[in-house]
Amino acid sequence: MNPTHPGPRLAVLVLFAGAMGWLEGVVVVYIRALLGVLHGAAAPAPDELTRRLASLPWLVGTEQGREAATLVMLATVAWLAAPRLLPRVGAFLVAFGVWDIVYYVALYALLRWPPSLRTPDLLFLIPPGPWWFQPVWVPVAVSAAMVLAGAWLFCRPARPVR
């Protein structure tokens with residue numbers, strides 16, 4: 001394996017991010033059970049979901065900590081994947097995008113949810129805000145763009161230092 005060629009490192013990065021995305025989907029299966037969302041059932045409306053989250057006050061902080069840890073893990077593997085800043089940014093974008101897309105693939109495989117890309121979802125809890133409720137197609141489209149832009153940044157040849 002040629003250590004200067006980015007292809008094998010990109011493949012390992014995608015494999016890591018895919019495994020993380022699947023694990024994230026499994027975690028959300030458990031969270032849905034905690035919130036009383038039956039297997040395969042539609043997610044509650046945003047106001048109902050907020051009410052259910054409030055009924056388990058420890059869950060929001062726990063989830064925010066998990067989300068922060070996920071971002072740290074993605075940033076850490078991106079740092080290890082490349083020797084310079086722009087390829088590291090690219091690696092982070094690829095890892096984040098693959099992770100997020102595989103997360104939705106896992107949810108569909110495990111729960112048959114979301115039934116449509118138009119289905120609303122609660123995307124993140126950090127920082128808290130109403131803008132995090134979006135149809136699934138929004139994070140999937142953003143993630144696909146992140147993968148493409150990130151792969152370009154990760155794989156482009158380094159400019160010679162003058």
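Here are the numbers:
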quantity	calculated
W22 being aromatic (F, W, Y), at pLDDT 95 or above and loosely packed, with under 15 Cβ neighbours inside 10 Å	no
Test: residue in the range 106-118 that is under 14 Å from the mean Cα position of the chain (by Cα) and either within 17 Å of A42 (Cβ to Cβ) or not charged (D, E, K, R) (or both)	yes
Some residue of the range 5-15 being farther than 21 Å from P127 by Cα and not in a helix (DSSP H, G or I)	yes
Single unsatisfied condition, V77 versus (1) surrounded by fewer than 22 Cβ atoms within 10 Å (Cβ to Cβ); (2) of a type outside the set (S, T, Y); (3) closer than 18 Å to V142 by Cβ; (4) touching a Phe, Trp or Tyr at 6+ places or on another chain (Cβ under 8 Å)	(3)
Search result, residues across the range 31-50 that are small (G, A, S) and farther than 15 Å from P114 by Cα	A33, G36
Hits in the range 78-116 - residues which are of a type in the set (A, V, I, L, M) and over 16 Å from A145 (Cα atoms)	A78, L80, A81, A82, L85, L86, V105, A106, L107, A109, L110, L111
Only one of L53, L125, L107 that is among the hydrophobic types (A, V, I, L, M, F, W, C), at pLDDT below 90, closer than 18 Å to V29 by Cα and in a helix (DSSP H, G or I)	L53
Verdict on V136 being within 21 Å of L23 (Cα to Cα) and either of a type in the set (F, W, Y) or touching a residue at least 40 places away in the same chain (Cβ under 8 Å) (or both)	no
Criterion violated by R118 - all others in (1) of a type in the set (D, E, K, R); (2) modelled with pLDDT of 95 or more; (3) surrounded by fewer than 15 Cβ atoms within 10 Å (Cβ to Cβ) satisfied	(2)
Any hit, the range 146-155, residues being touching a residue at least 12 places away in the same chain (Cβ under 8 Å) and closer than 28 Å to T62 by Cβ	yes
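Listed here are the residues, each with its yes/no results for (1) assigned to a helix (DSSP H, G or I); (2) in contact (Cβ under 8 Å) with a residue 24 or more places away in the chain; (3) in contact with an Asp or Glu (Cβ under 7 Å, 6 or more places away or on another chain).
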| position | (1), (2), (3) |
| --- | --- |
| A17 | yes, yes, no |
| G36 | no, no, no |
| D47 | yes, no, no |
| L59 | yes, yes, no |
| R66 | yes, yes, no |
| G90 | yes, yes, no |
| F96 | yes, yes, no |
| V102 | yes, yes, no |
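The values are calculated or read from the model by the stated rules, or taken from the named source; none is laboratory data. Note that the coordinates shown come from a computational prediction; the quantities given were computed from them, not determined experimentally. Using ideal geometry, Cβ is built from the backbone for each residue, glycine included, and neighbour counts are taken over all protein chains shown.
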